[in-house]
Every structure is written in C-alpha cells, then in structure tokens.
Amino acid sequence: MEGTVSSRHVPVGSSDGPIGGPSVAGQAPLKVPPHGAPAISLRNVGFCYSVRRGIFGRSRKWALRDISFELFHGETLGIMGRNGVGKSTLLRLLAGLTEPDRGELINHGCSCSLLALQAGFVLYLTGRENVFLSGMTLGLSKAQMRDRLEDIRAFADLGEAFDQPVRTYSTGMLARLGFSIAFQVSPDVLLIDEVLGVGDENFREKSATALRDKIGQDKTAVVVSHSPASILELCDRAVLVDQGVSVFVGGTRECIKEYQQLLNKAAKGR
Ligand SMILES: Nc1ncnc2c1ncn2[C@@H]1O[C@H](COP(=O)(O)OP(=O)(O)OP(=O)(O)O)[C@@H](O)[C@H]1O
C-alpha cells in the first residue's frame with residue numbers, strides 16, 4: 001500500500017457526473033448542483049492510529065495522510081476506495097468522533113450522525129437504552145429522544161428484542177437498530193458507512209428507500225460504498241481515496257472510472 005500517489009480535483013460544476021451532466025438511462029433524475037456554502041471543509045487532513053510494536057513498543061500508523069475536499073450543503077458525496085484505505089476513519093473524523101493529527105477539518109456548524117453498524121453501542125444495555133445513549137452522544141436531550149423512540153422502535157422492527165441487551169443481537173439486528181437511530185435523529189449531515197447492503201431483504205429495501213427519500217429532500221450526506229451502482233444512484237460527486245490520500249474529487253462516473261483503473265493496476269501488480 002505504500003508509494004507515491006497524486007491527487008486530482010475537478011471543480012464543482014465541471015463534473016462529468018450527474019451534476020450538470022447528461023442523464024443515464026435507468027439512473028435517478030439529476031440533482032441540482034451544490035451551490036454556496038460548504039458544510040465541512042478538509043485541507044490536507046491526516047490521522048494516525050497508535051499501534052503495538054512488539055511486547056512493549058507502540059508506533060504511529062498513518063491511516064489518512066492527505067485528504068482535501070469540500071462537502072457542500074444539499075449534496076450527496078460518495079467515498080470510494082479499496083479495503084483499508086481509510087474510508088471509515090474518514091467518516092469518524094467527519095462525525096467529530098475523533099480529530100485530525102494534522103491538516104485542518106472545519107465543520108461550518110453542522111450536526112453529523114454516523115450511520116454505521118454498531119456505532120457506539122454499549123453491549124450490556126438494551127436496544128431501548130442504547131437509543132437514549134446514542135441520542136445523548138448525538139447531542140439530543142432525553143425528552144427529544146423520547147419523542148422519537150416510537151418511530152425508532154417501529155422502523156427497527158426488532159419485536160421483543162428491543163428490550164434485550166444488544167449483545168444478544170445478530171449483526172443484522174444491530175444494523176437495523178443503528179440505522180433506525182441515526183435515521184430518525186435527522187442530523188444536518190448524514191454519514192453512511194456501507195449499511196446499504198445489510199440486514200435481510202425486507203430491511204434492505206426499506207432502508208434503501210428511506211435513504212433515497214431523505215437524500216432526495218436535499219439532505220447533505222456522505223456515503224461510503226464499494227458499489228458503483230449505489231454511488232451513481234445516490235451521489236452527486238465522489239471522492240476516491242487511495243493510500244490515505246484523496247486522489248480524485250469530482251464527478252461520480254469519472255470517480256468510478258478512476259477506481260476501476262486503480263483496481264486493475266492493483267490486480268496486475270499482484
Ligand atoms: N483502531 C485501529 N487501530 C489501528 N489501526 C486501525 C484501527 N482502525 C483502522 N485501522 C487501520 O487504519 C487503516 C484504515 O482503516 P479503515 O477502516 O478506515 O479503512 P476502510 O477503507 O474503511 O476499510 P474497509 O473498506 O475494509 O472497510 C487500515 O490499515 C486499518 O487497519
């Protein structure tokens with residue numbers, strides 16, 4: 001994974017993707033290009049984990065090395081990249097769950113909610129208790145969460161398991177609860193980490209439809225996905241991350257092309 005990578009940024013408005021570009025048969029209707037205010041700006045952001053080396057030693061591992069892009073109000077931005085290039089770490093930074101070790105991340109006053117599997121659940125607490133806990137983490141009061149509780153319970157559709165400790169949940173059940181909480185909390189920016197493909201068939205369909213509806217309401221969202229079809233359907237622009245660097249920022253179709261070239265190059269290098 002080491003090596004030199006260069007980055008390319010296509011200015012907003014000159015996209016080859018859905019924004020301002022031609023429609024593609026079978027694709028969602030074109031969305032209005034993002035205009036005006038950025039919601040979150042990243043400049044040369046880097047982040048490192050502290051990892052164990054040997055029995056007593058520790059060293060720093062740079063998961064993100066140089067990430068720069070702007071997320072605009074009202075747009076849906078896709079994040080693509082091979083396994084382990086730093087996509088989930090990037091979402092955690094955008095959510096404010098952790099801070100950059102170098103560079104600059106400016107949140108221009110938005111609340112963000114990370115829609116990821118098991119994000120922040122306490123395993124010995126029940127689903128219901130985790131709803132309140134997650135709400136507090138996202139900055140909502142107990143009363144605000146109480147108002148949303150019934151919708152969350154209904155959407156997650158976990159039956160009696162809602163009052164069981166979440167350590168007894170399957171991955172799919174955790175995903176349902178995580179999705180329902182993040183979705184009903186309705187933050188300014190929705191951060192979605194590959195949850196589109198989880199849960200059973202019914203829940204997948206239900207969550208994908210709910211997401212499409214929400215994104216269609218001019219919601220600001222960031223979607224991590226390996227699926228070109230999801231990126232094309234949901235996103236206005238996309239960022240390609242490689243070796244912790246934002247190597248491409250621009251239209252979705254061009255980003256997918258760059259991603260496929262990267263995958264081909266990696267396959268040849270094996
Ligand atoms: N808690 C951690 N401690 C140490 N290293 C970590 C930790 N979490 C992630 N990493 C490392 O940081 C790098 C980026 O991980 P991250 O999960 O952000 O990648 P990703 O692009 O989301 O991967 P995937 O597509 O497989 O989900 C990887 O090399 C990973 O091993």
Please tell me if T98 is in contact (Cβ under 8 Å) with a residue 24 or more places away in the chain, within 18 Å of the chain's Cα centre (by Cα) and surrounded by fewer than 18 Cβ atoms within 10 Å (Cβ to Cβ). yes
Condition (residue is within 25 Å of E150 (Cβ to Cβ), in contact with a strand residue (DSSP E or B) (Cβ under 8 Å, 6 or more places away or on another chain) and not in a helix (DSSP H, G or I)) applied to the stretch 224-245: is it met by at least one residue? no
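Looking only at the stretch 160-180, how many residues end up being among the polar types (S, T, N, Q) and touching a residue at least 24 places away in the same chain (Cβ under 8 Å)?
Looking only at the stretch 160-180, we keep the residues that are among the polar types (S, T, N, Q), and these are 164, 168, 170-171, 180.
With the extra rule that they be touching a residue at least 24 places away in the same chain (Cβ under 8 Å), the set shrinks to 164, 171, 180.
Qualifying residue count, the stretch 160-180: 3.
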Any idea which of T252, T220 is more than 19 Å from G120 (Cα to Cα), surrounded by fewer than 24 Cβ atoms within 10 Å (Cβ to Cβ), in contact (Cβ under 8 Å) with a residue 60 or more places away in the chain and within 16 Å of the chain's Cα centre (by Cα)? T220
Filter the stretch 107-141 for residues that are of a type in the set (S, T, Y) and free of Cβ contacts under 8 Å to residues at least 40 places away in the same chain; which is nearest to the ligand (Cβ to nearest atom)? T137
What residue, among those in the stretch 139-184 that are of a type in the set (G, A, S) and not in a helix (DSSP H, G or I), is farthest from the chain's Cα centre (by Cα)? S141
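Give the residue that is modelled with the lowest pLDDT, with candidates limited to residues of the stretch 172-199 that are β-branched (V, I, T) and away from the ligand (no atom under 16 Å from the Cβ). Steps first, answer last, please.
Of the residues in the stretch 172-199, the ones β-branched (V, I, T) are 181, 185, 189, 192, 195, 198.
Remaining after also requiring away from the ligand (no atom under 16 Å from the Cβ): 181, 185, 189.
On the way: I181: 85, V185: 77, V189: 86.
The residue in question is V185.
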Those residues of the stretch 72-88 which are touching a Leu at 6+ places or on another chain (Cβ under 6 Å) and either of a type in the set (S, T, Y) or more than 20 Å from H226 (Cβ to Cβ) (or both), in sequence order: T76
When you look at S88, is it modelled with pLDDT of 85 or more and either more than 21 Å from F47 (Cβ to Cβ) or surrounded by 15 or more Cβ atoms within 10 Å (Cβ to Cβ) (or both), yes or no? yes
Considering each of E150, E104 in turn, give the residue that is away from the ligand (no atom under 14 Å from the Cβ) and either of a type in the set (S, T, N, Q) or touching a residue at least 60 places away in the same chain (Cβ under 8 Å) (or both). E104
Looking at (1) within 16 Å of the ligand (Cβ to nearest atom); (2) surrounded by fewer than 16 Cβ atoms within 10 Å (Cβ to Cβ), find the lone condition where M80 falls short. (2)
Within the stretch 83-95, how many residues are near the ligand (Cβ under 6 Å from one of its atoms) and assigned to a loop (DSSP other than H, G, I, E, B)? 4
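The values are calculated or read from the model by the stated rules, or taken from the named source; none is laboratory data. A quick note: this is a predicted structure, and the numbers were derived from the prediction, not measured. A quick note on method: Cβ atoms are made from the backbone with ideal geometry, for glycine too, and the neighbour counts reach across all protein chains shown.
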